[in-house]
Amino acid sequence: MDLENQNRVKDLTEKHGAENIVVLFGASEAETAGLAAETVTNGDPTYAGSLAGVQLGLTTYHAIDSEFKASVDEDVFEDQVGMMEMVLDLDAIQEEMQTIRTNFCKFL
């Protein structure tokens, strides 16, 4: 997650409270999504940005997570995300995101 987005997430969390923030990712690889999710939950593991050492514990999902999919209109999901489901490694992404939620999310 780049430094600008780290700052945005940190500012929004300070303004609205961590319990009111859900972060949605769309990375095409499980490792990339997991690294970004770890950044907003447990702190920037690269210690390069404003979230270095900051454990926000935010709730995180990937756009293909079944929990997220169930929460949005079926037609909108199909229009915006449907193609991704056909080309991504869904199991690996969902497993990675579930691991992050289990280990670091405070507001599920």
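In a reduced charge model with +1 at each Lys and Arg Cβ and -1 at each Asp and Glu Cβ, the stretch 46-105 shows a dipole moment near 500 debye about its Cα centre. Partner lysines whose Cα lies under 24 Å from the Cα of Lys69, excluding those fewer than 8 positions away in the same chain, are identified as Lys106. If the only charges are +1 at each Lys and Arg Cβ and -1 at each Asp and Glu Cβ, what is the size of the charge dipole of the chain around the Cα centre, to the nearest 20 debye? With Lys and Arg at +1 and Asp and Glu at -1, about 640 debye. At q = 0.18 Å⁻¹, what is the log10 ratio I(q)/I(0) for the chain, with the Debye formula run over Cα points and no solvent? After summing over all Cα pairs, the log10 values are -0.85.
Considering only Met84, Leu12, Thr32, and ranking their Cα positions along the charge dipole of the chain that arises from unit charges at the beta-carbon of Lys, Arg, Asp and Glu, the one farthest toward the positive end is Leu12.
Can you give the FRET efficiency to the nearest 0.05 for Asp73 and Glu29, using r as the Cβ-Cβ distance and R₀ = 22 Å?
Values: r = 27 Å, r/R0 = 1.21.
For R0 = 22 Å, the calculated efficiency reads 0.25.
Were the residues from Asn5 through Asn20 laid out at 0.36 nm apart, the gain over their Cα-Cα distance would be 3.6 nm.
Close amide H partners of Phe25, meaning residues 5 or more places away or on another chain with modelled amide H under 5 Å apart, are Tyr61, His62, Ala63.
Ordered by the count of other Cβ atoms within 10 Å of each Cβ, fewest first, Val76, Val9 give Val76, Val9. Taking other C-beta atoms within 10 Å as the exposure proxy, His62, His16 rank His16, His62 from fewest upward. With θ taken as phi - 60° and the Karplus curve 6.51 cos²θ - 1.76 cosθ + 1.60 applied, the whole-hertz 3J(HN,Hα) list for the stretch 14-23 is 5, 6, 10, x, 4, 5, 9, 10, 10, 10 Hz, x standing for glycine and proline.
Quick note: the coordinates plus some simple rules give every number you see, no bench work behind them. Please read these numbers as outputs of a predicted model, since none were measured by experiment. Every residue, glycine among them, receives a Cβ derived from its backbone with ideal geometry; neighbour counts consider all protein chains shown.
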